[in-house]
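Participant: Here it is, the structure in full.
The values are calculated or read from the model by the stated rules, or taken from the named source; none is laboratory data. Note that this is a predicted model, so its numbers are computed, not measured. With ideal geometry, Cβ positions are generated from the backbone for all residues, glycine too; neighbour counts draw on all protein chains shown. Areas reflect the complete protein model, heavy atoms only, side chains present, ligands, DNA and RNA absent. Shrake-Rupley method; radii C 1.70, N 1.55, O 1.52, S 1.80 Å.
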Amino acid sequence: MLWDNQDRYGAVTRTLHWGIAALMAWQFGGMLSESLLGDQAPLAVALTANHTQVGTILFVLIVLRLVWAALNRDRRPPRRAGLLGHAARLGHVALYALMLAVPSAALLRGTGLCALRVPDLRAARPGPGRQDLHRHRVEHSWRAGLGDGRADPGPYRDGAVPPDRAA
């Protein structure tokens, strides 16, 4: 049963749900391991090496999930009534808004369409230039994916830091 019905969610809905959940856990696990163990720890490197690609896949899956939910709107199991039902609805709306907003901001920032500056809570950690190197790698990977010719390794390829950003 691919489509949702009044009794249960269909295979597509459940596959999208658990696929998104698994990839979100991967992303959070990578960021948590990097925060706790440092960005050079083998586990952190393994979990964060494909952060941008996993984020892109997540974004696509979330959009597909929303389209699929809209197509199944009249078939889905009924919502719980009362305050708990309203709270669950608001929680889902907030969660999906956040899951769309975060990768959208990354896409805009990575493509250069928006000069969005997100404060980095890890900036106080030792290691001058680490954030500049990370930002350049993210921008580089997005530009390379767009094929716009700006995928130049730039001055950060060996971890060098421009004088104005040195600690």
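Participant: Karplus couplings for segment 44-54 from phi (6.51 cos²θ - 1.76 cosθ + 1.60, θ = phi - 60°), rounded to Hz, Gly and Pro as x?
Facilitator: Coupling constants for segment 44-54: 5, 5, 5, 7, 9, 4, 10, 4, 5, 5, 5 Hz.
Participant: At q = 0.16, 0.21, 0.32 Å⁻¹, what is the log10 ratio I(q)/I(0) for segment 53-103, with the Debye formula run over Cα points and no solvent?
Facilitator: Each listed q maps to, in turn, -0.57, -0.85, -1.15.
Participant: Also, quick follow-up: Using alpha-carbon pairs under 8 Å, 6+ residues apart, how would you state the relative contact order of segment 6-113 in percent?
Facilitator: Numbers: 60 pairs, mean separation 33.9, N = 108.
This gives 31 percent for segment 6-113.
Participant: Let me ask another. Which net charge results for the neighbourhood of P77, defined as the other residues with beta-carbon distances under 13 angstrom from its beta-carbon, given Lys and Arg at +1 and Asp and Glu at -1? Each step should come with its number before you reach the end.
Facilitator: Numbers: positive: R8, R14, R73, R75, R76, R79, R80; negative: D4, D7, D74.
So the environment of P77 carries a net charge of +4.
Participant: Could you order V102, V63, V54 by accessible surface area, starting with the largest, using a probe radius of 1.4 Å?
Facilitator: These residues rank, largest area first, as V102, V63, V54.
Participant: Would you mind getting the accessible area per residue of segment 26-75, heavy atoms of the protein chains only, 1.4 Å probe, in Å²?
Facilitator: 60 Å²
Participant: Provide the gained length on full extension for the span V60 to A11, in nm with one decimal, where the gain is 0.36 nm per separating residue minus the Cα-Cα distance.
Facilitator: 15.8 nm
Participant: Would you work out which of T56, N5, A97 lies farthest towards the positive end of the dipole of segment 1-123? Charges go on Cβ: Lys and Arg +1, Asp and Glu -1.
Facilitator: N5
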